[in-house]
Structures are given as structure tokens and as C-alpha cells.
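Accompanying notes for the structure given below.
The values are calculated or read from the model by the stated rules, or taken from the named source; none is laboratory data. Worth saying up front: this structure is predicted, and the values here are computed from it rather than measured. Every residue, glycine as well, gets a Cβ built from its backbone with ideal geometry; the counts of neighbours run over all protein chains shown. These area figures cover heavy atoms from the full protein model, side chains too; ligands, DNA and RNA do not enter into them. Shrake-Rupley method; radii C 1.70, N 1.55, O 1.52, S 1.80 Å.
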Amino acid sequence: MIDPVISYLQLCQLSYQPPKVIPHAVAALHPKGSWKCVWGPAQSADQSNLAFVAAYYESPGVPAFVVVAIRGTDVAVDAWGVIVQMWEDLDVLDPVAFPWMPASSGALVASGTLDGLGVVQQLTDGGQRLLPFLLDFLGKPENREARLVVTGHSLGGCLTTVVAPWLQVSLGRQGIDNAIVPVTFAGPTAGNPAFAASYSSSFPASLRYFNSLDVVPLAWASVESIETIYDPHGLPTPELVDVAVDTYQGLMDLLGITYAQPGQDHELPGHFAPSPTSWYEEAYTQHHTTTYMKLLGGKSVAAEWPRPRLRSRV
């Protein structure tokens, strides 16, 4: 048997690999070939977002679960794609109604997150988008009992929390009622407290993993905590970070905007580096998938598939 949570994080690690590598890397996760990439990887034209679907087979032809893996922010892509990802990450000052939750719930999500969802909805593999693929795949009799997991790290974790309800509503309208379990790692928030409450109610088995020393999950529900996160370890926050935090917090207070983390929390107690070179290096290390894998006690696969140096087209 495999540890599902470790497997989900391994898939998140593989989502950062070049698209042509991912199917081979997914198949190599299990020595008997029980993992298979069944859709994608599909990447937007500007390389801003990427997703793929992997199925795990405990017996031939019958998947135990199917995983939609969504890549997080990746700066080793096209320069315009990096800008688009930054917009998805940082456009949080004009939240809008979330179409896949009842209007009466009052659920609002960041505009940047909704933009990211729109990109994921349009991703295609072989001319087929994600939703039509899942309708066809999960509609097969042998796949009707498979659990559908949606997972992602960082921005991918944030997008997971909006992709899951979109899929739940859209699949349900077509009579596909496979259990959906969102699992996020190191994700910032997507929406307001009403969104978080509706999400947690819709997905009681959802899981949210975060490192106690990772600054990213503090955005945007507890963004002010970023300024003091490393103070107990004698590492002061750079002035640029302080200014950015104060600016965002001040604007959210002025506009009456609040965010909340959704899902069932699983805090991973972080370990501060003995001698970090800088605040930024410490923050990068604490956020990395390999650090999360160490905290979970699993085997990291990121180093097994080293990335080539990528050259921007812009």
C-alpha cells in the first residue's frame, strides 16, 4: 500500500517538471507501474498554469483514486507566464462572488484566483478540456467508485480550493457523484470566511498541510504575521517585505476585505535552518516541496527528475 498524502505531494513535485517529463515520472512513482498519467499534462500557452490527471490502480483496470494535480507558481517559465502567475497570487483587493457556491452563502474569492481557475478550465490535452475528460473517464462503470482527489502546492493549493467546488458542481450536474477530496500544501487563501465555511462544509474530508515556518500560507488571512515569523530565531524581516505587508494589510482593512483558510488544518512544525543566508532564502526553503516532504517523512522525487535550464521567450 502507498501513503496517499505522500503520493499527492510527490505528484505536486512532478507538476513543476517540464510537461514532456511528467508522464514518465508519474509512471515511475511505483515499481509495478500502478500510476498512470491519463490526461495532460496540459499547460497554458504562456506557461502560467499547468495541470494533469493521474490514476492509481491497485488492481488492473480499476483505479482506486484519480488525482487532479495543479502546479504552483513557477518562475522557470516564459517571462509573461511569470507575470500572469504573480497576478493570480497578488490580485486580492477586489474579491468577487464565486459562481459555484450559492449566492446566499456570501462566498467571495480573489479576482486573481478566479482568473487562475478560468485558465485551468481552458487547459486542453488532445483537444479535450479537463471537465469533459473527467465526465468521460469517471462515467465509465469501472471508474465510478474511484475517489477524485484535487491537489496542489502553493498557488496550486490555492487553485485546488476553487477547482474542487467547480468540479463538484459541474460533475454532479451530469450525474457523476464520485467522492471529491481536496488536499492542499502550502497554499495561500482563495476567499473570504464565507467561502471557507462553504468549502469546509462541502468537503469535510479536505486536508490542508502547512509548515509553521512558511510565510505563504499566512497570505492572506494572517498576512501581518509574516513580519514576525522569524523573529524568535533572530532573523529580522527585510524592510521591503515589511512595507509590502503593511501596504496590503492597510488596504484590506480600508476596503473591509478579509480572507480565511479553508479545509481541515494539519500544521507541520517547521525546523529553522541553523544559519540561513538571508530572510528570503529561509522563506524559500521553508516553502519548498522538499521541505514539506521531509516534514511529512516521505521520499522526495523532485531531485530524481532535475529540471533543465529554461530560457524565456520574452
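Details
- Long hydrophobic helices in the chain, taken as whole DSSP H segments with a C-alpha length of 18 Å or more on their own axis and mean Kyte-Doolittle hydropathy at least 0.5: 155-173, 239-255.
- Residue range of the chain that is longest and free of trypsin sites (Lys or Arg not before Pro) which are both DSSP loop and sparsely packed (at most 15 other C-beta within 10 Å): 145-298
- Two-site label geometry, Lys36 and Lys299: point separation in nm, points 7 Å out along Cα→Cβ: 2.2 nm
- Cα→Cβ-extended label distance, 7 Å offset, between Ala28 and Arg129, nm: 3.4 nm
- Annotation for region 55-164: chymotrypsin sites (Phe, Trp or Tyr not before Pro) lying in DSSP loop with at most 13 further Cβ atoms inside 10 Å of their Cβ do not exist.
- Taking GluC sites (Glu not before Pro) as exposed when their DSSP state is a loop state and no more than 14 other Cβ atoms lie within 10 Å, the longest site-free interval of the chain runs over 146-303.
- Semi-axes of the equivalent ellipsoid for region 102-175, computed as √(5λ) from the eigenvalues of its C-alpha gyration tensor and ordered from largest down, come to 23, 16, 12 Å.
- Taking 0.36 nm per residue of separation and subtracting the Cα-Cα distance, full extension of the segment from Ala64 to Ile2 would add 21.2 nm.
- Start at zero, step by 10 Å, and the Cα-Cα distances of region 97-246 spread as 10, 35, 31, 15, 7, 1 percent across the bins.
- Overall, the chain carries a charge dipole of about 1420 debye about its Cα centre when +1 sits on the Cβ of Lys and Arg and -1 on the Cβ of Asp and Glu, all other atoms neutral.
- Rg/Rg_ref, the chain, where Rg_ref = 2.2 N^0.38 Å and atoms are Cα: 0.97
- What the Cα convex hull of region 1-43 gives, in volume per residue, is 68 Å³.
- Whole-Å distance, taken between Cα centres, linking region 107-152 and region 228-272: 31 Å
- Across the accessible surface of the chain, with the other protein chains kept in place and a 1.4 Å probe, carbon and sulfur atoms take up 58 percent.
- Dimensionless Rg ratio for region 170-314, taking C-alpha atoms and the 2.2 N^0.38 Å reference: 1.24
- Just checking the listed ones, Val243, Val62, Val96: in the Gaussian network model of the chain with Cα springs under 10 Å, the one fluctuating most is Val243.
- In plain terms, the chain from Thr258 to Ala103 could stretch by 54.0 nm, reckoned as 0.36 nm per residue minus the Cα-Cα distance.
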